[in-house]
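FYI, it's all coordinate maths here, none of it is from the lab. Just so it is clear, the structure is predicted and the values come from calculations on it, not from any experiment. Please note: Cβ atoms are built from the backbone with ideal geometry, for glycine as well, and neighbour counts cover all protein chains shown.
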Amino acid sequence: MRTPIIAGNWKMHKTVDEAICLTRELKEALKDIKDREIVICPPFVALHALKAELEGSNIKLGAQNCYFEDEGAYTGEVSPVMLKDLGVEYVIIGHSERRGYFNETDELVNKKAKALLKKGLKPIICVGESLEQREASETESVVKKQVFRDLDGIEPYRIKDIVIAYEPIWAIGTGKTATSEEANRVISIIRDTVKEMYSEKEASLIRIQYGGSVKANNAHEILTQSEIDGALVGGASLQTDSFTAIVKY
Ligand code: PGA
C-alpha cells in the first residue's frame with residue numbers, strides 16, 4: 001500500500017529564526033506519527049539550519065525548486081547536488097507559481113525531475129488546470145498532457161520515487177477547494193495516465209497528492225478518498241496547529 005505523504009510548502013515565508021521556531025513546534029507536535037510521511041519545504045536559506053533541527057526526527061526536509069545542472073554559471077540557481085548535501089529528500093518542481101510567474105515549461109520540469117532522480121532525490125511534480133481551462137472542460141486533457149511531458153523518458157523503476165501533486169490552480173491560496181470527489185476523479189485520471197505510459201504496477205506505486213486550500217477542516221474529507229495519497233499544503237502549513245491537524249487528519 002502507498003504511504004500517505006503530507007508536505008508543507010512554505011513558499012516565500014519565514015526568516016531562518018522563524019523557520020527554526022516553527023520546526024521545533026512541529027517536531028514536538030508530530031513526534032508520534034509513524035504511518036505517514038511528513039515533509040516541510042522551507043525557503044532555500046533555511047535548509048541548512050533545518051537539517052540540523054530535523055536530525056533524528058520523523059519530519060523530512062524538502063525544497064521548493066532546483067535547477068537541472070550539477071554546477072556552473074547559472075547565477076541565482078541551486079542544484080540537486082547542493083540540496084542533497086543539505087539533507088533534502090524531496091523537491092517540489094513545476095509548481096503553478098513557477099510555471100506562471102517564471103515561465104517554467106513541462107520540458108524544464110522534465111529535465112529537473114530527471115536531474116533530481118539521478119542524484120537520489122524525490123521530485124514532487126505539480127500539475128493542474130487553470131479556471132479558464134476548467135470552464136472550457138479541458139481539465140482532463142491539460143492534466144494528461146502535463147503528466148505525459150513531465151514524466152517523458154523517465155525509467156519505470158524510478159516511478160516509486162516520484163510524487164505527483166494535483167493542484168488545480170484556481171484552488172491555490174483562494175480558499176476554494178475541488179470537491180473531494182472531483183479531486184479523486186482527476187487523480188484517478190492521472191493514475192490512468194501513468195498506467196498508459198508505464199503499466200499497472202507503476203500506476204499502483206506512484207503517490208498522487210491533492211493540493212489547493214487544504215485546511216484543518218477539509219483535510220479528512222479529502223485525504224480519505226481512495227485515490228488521494230496525501231496533500232501539498234501551502235498557507236495552512238505555516239502554523240503548527242493547522243499543519244498538525246492536517247497531518248493527523
Ligand atoms: P494553498 O497552497 O494550500 O495555500 O492553497 C497550496 C500550494 O500552492 O501548494
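Under the classification rounded if a/c is under 1.5, otherwise prolate if a/b is larger than b/c and oblate if not, where does the stretch 1-66 fall, given a ≥ b ≥ c as square roots of the Cα gyration tensor eigenvalues? The shape class here is oblate.
Legend: residue pairs 51/118; 112/160; 51/122; 195/248, Cα-Cα distance threshold 27 Å; pairs beyond threshold, 195/248.
Highest GNM mean-square fluctuation among 123, 168, 43, for the chain modelled with Cα contacts below 10 Å: 43. Grouping the Cα pair distances of the chain into 5 Å bins from zero gives a pair-distance distribution of 1, 6, 15, 20, 21, 18, 12, 6, 1, 0 percent in increasing distance order. Rounded to the nearest 20 debye, the dipole size of the stretch 5-247 about its Cα centre is 340 debye, using +1 on the Cβ of Lys and Arg and -1 on the Cβ of Asp and Glu. The stretch 68-128 and the stretch 1-46 have Cα centres separated by 19 Å. Estimated from helical segments only, the mean residue ellipticity of the chain at 222 nm is -11500 deg cm²/dmol, where each DSSP H run of four or more residues counts as -39500 (n - 2.57).
Taking the charge dipole of the stretch 5-247 about its Cα centre, with +1 at Lys and Arg Cβ atoms and -1 at Asp and Glu Cβ atoms, the residue from 226, 143, 204 reaching farthest to the positive side is 204.
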